[in-house]
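Before any comments, here is the structure.
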Amino acid sequence: MPLRAVIFDYGLVLSGPPEPAARERLLEISGLSPEIFDAHYWKYRLDYDRGTLNGHTYWPTIARDTGVSLSPEQIEALIEQDVLLWATVDPVMLAWVDRVRASGMKIAILSNMGEDLLAYMRDNFRWLDRFHHLTWSCELNLIKPMAAIYEHTLEQLKVQPNEALFLDDRIENVEGARAVGIHSLLFRGVQSLHADLEREGLACQLPPVIASGSRI
């Protein structure tokens, strides 16, 4: 069945890599080593994305587990820097989003997303208005790779699973989408995307990933 929609993850698909200066500030404020910080940052991240935690409960939970003390001012600073960590975007992918929409496809974002980054994006990213639908995990209390979050997005787009393509940088999320019946690709970067689409026989249905004459 022909494709009618492309569904994008946000982090490391539409966004750029984590901002190094923000990461350094997170380590400085928390006082944790990179190894300990990373282990606890990801330990509770899905709870943050699900909406079970927010910034004012996520960081105290990490502090409790690691034995550090954080003042209210430090917690606010950690929330701010964590937002900035993920707030860069990939202009090449955003340009492709525009071409995909112009080709007649429906477009959506389906992202595990905490409420603090989401609030920043809504205030600063006018390009979100280009999408036909936006699915944010914290608003549904669902996270990828739960089947229900993919099914919700398909219902909102009014497309069948085999009419949609999903791009995500995490294999568990790709596999979750495939289990629902969605064409899904592990996003490995702009340079690899065209070859991956070709391999799956989908490139002919979509505009070029990199426009003619463009440089990256």
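Read-outs throughout are calculated quantities, based only on the coordinates presented, and are distinct from any laboratory measurement. Note that this is a predicted model, so its numbers are computed, not measured. Every residue, glycine as well, gets a Cβ built from its backbone with ideal geometry; the counts of neighbours run over all protein chains shown.
Using the C-alpha atoms of region 20-85, what convex hull volume per residue, in cubic angstrom, is computed?
Per-residue hull volume (Cα only) is 75 Å³.
Quick check: pseudo-label points 7 Å beyond the Cα along Cα→Cβ at ARG99 and CYS204, how many nm apart are they?
1.9 nm
For the chain, evaluate the Debye formula with one uniform point scatterer on each Cα (no solvent term) and list log10 I(q)/I(0) at q = 0.09, 0.12, 0.13, 0.15 Å⁻¹, rounded to two decimals.
For the requested q values the scattering log ratios are -0.38, -0.66, -0.76, -0.97.
Rounding to the nearest 20 debye, state how big the charge dipole of region 20-85 is about its Cα centre with +1 on each Lys and Arg Cβ and -1 on each Asp and Glu Cβ.
Numbers: 6 positive and 11 negative charges, 37 e Å.
In total the dipole reaches around 180 debye.
Which shape class, rounded, prolate or oblate, goes with region 104-216 when its Cα gyration tensor gives a ≥ b ≥ c as root eigenvalues, a/c under 1.5 marks rounded, and past that a/b bigger than b/c marks prolate?
Here region 104-216 falls in the oblate category.
Mind listing which trypsin sites (Lys or Arg not before Pro) in region 144-216 are in a DSSP loop and have 13 or fewer other Cβ atoms within 10 Å? Mind dumping the intermediate values first?
Values: sites: LYS158, ARG170, ARG178, ARG188, ARG199, ARG215; in loops: LYS158, ARG170, ARG188, ARG215.
Hits after loop and neighbour filter: LYS158, ARG188, ARG215.
Give me the lysines in straight-line cross-link reach of LYS106: C-alpha distance below 22 Å, same-chain residues under 8 apart excluded.
Result set, ordered by chain and number: LYS144, LYS158.
Which value, in debye to the nearest 20, describes the size of the charge dipole of region 68-156 about its Cα centre when Lys and Arg Cβ atoms bear +1, Asp and Glu Cβ atoms bear -1, and nothing else is charged? Before the final figure, lay out the partial values.
Working: 7 positive and 13 negative charges, 122 e Å.
Dipole about the Cα centre, nearest 20: 580 debye.
Give the share of C-alpha pairs in each 5 angstrom bin for region 9-58, from 0 to the last occupied bin, in whole percents, shortest bins first.
Taking every Cα pair in region 9-58, the percentages come to 5, 17, 20, 28, 25, 6, 0.
Considering only DSSP beta bridges with both partners in the chain, what is the antiparallel share in %, to the nearest 5?
Close to 5 percent.
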